[in-house]
Amino acid sequence: QVQLVESGGGLVQAGVTLRLSCAASGLTFGSYSVGWFRQAPGKEREFVAAITRSGGSTDYADSVKGRFTCSRDNAKNTVYLQMSSLKPEDTAVYYCAADRFYPRDSERQYDYWGQGTQVTVSS
């Protein structure tokens with residue numbers, strides 16, 4: 001059974017750095033690319049970042065480019081999303097998703113999803 005579990009969310013002040021983790025089990029993790037998405041209250045879920053299977057390539061939404069960094073440790077079956085210079089508009093539930101290909105920002109193409117972790121940024 002494939003499981004993705006996000007952790008690391010919380011309530012923080014604007015400007016700080018927070019690191020989210022996405023721990024995977026039940027799959028050969030190095031064979032899957034991973035995407036991060038977020039959903040703010042009253043809004044549709046949106047793409048945040050994605051990383052290829054090897055970790056050699058990443059993509060970011062324009063809204064987080066230069067502030068967020070996605071990385072992975074395949075030995076630990078974990079992908080990270082380091083979020084710096086957080087803003088109140090980054091407040092959302094953050095989800096990780098996995099797929100054998102590289103759907104990048106194509107949400108519908110991801111096969112597996114975590115339950116999400118809440119990030120709240122106060123001004």
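Can you give the net charge of the other residues whose Cβ lies under 12 Å from the Cβ of E89, counting K and R as +1 and D and E as -1?
+2
How high is the relative contact order of the chain, in percent, counting Cα pairs under 8 Å that sit 6 or more residues apart? Could the numbers behind the result be given before it?
Working: 311 pairs, mean separation 43.9, N = 123.
For the chain, the relative contact order is 36 percent.
Below 12 angstrom from the Cβ of T28, what's the summed charge of the other residues (Lys, Arg +1; Asp, Glu -1)?
With Lys, Arg at +1 and Asp, Glu at -1, the net is +2.
In whole Hz, what ³J(HN,Hα) sequence does region 55-66 give by Karplus (6.51, -1.76, 1.60; θ = phi - 60°), x for Gly and Pro?
Per-residue couplings from phi come out as x, x, 9, 9, 9, 9, 5, 4, 5, 10, 4, x Hz.
For the pair F101 and Q3, how long in nm is the line joining their label points, each one 7 Å along Cα→Cβ?
Each label point is offset 7 Å from its Cα along the Cβ direction, giving 2.9 nm.
Enumerate the residues in region 72-109 having an amide nitrogen under 14 Å from the point lying 7 Å beyond the Cα of T28 toward its Cβ.
Under 14 Å, as judged by backbone N against the label point of T28, lie 100-101 of region 72-109.
Considering only DSSP beta bridges with both partners in the chain, what is the antiparallel share in %, to the nearest 5?
Among the beta bridges of the chain, antiparallel pairing accounts for roughly 90 percent.
Once you charge only the Cβ atoms, +1 for Lys and Arg and -1 for Asp and Glu, what is the size of the charge dipole of the chain about its Cα centre, to the nearest 20 debye?
Working: 13 positive and 12 negative charges, 41 e Å.
The calculation lands at about 200 debye.
Just so you know, all these numbers are worked out from the coordinates, no wet-lab data involved. The structure presented is a predicted model; accordingly, all values stated were derived computationally and were not measured. Every residue, glycine as well, gets a Cβ built from its backbone with ideal geometry; the counts of neighbours run over all protein chains shown.
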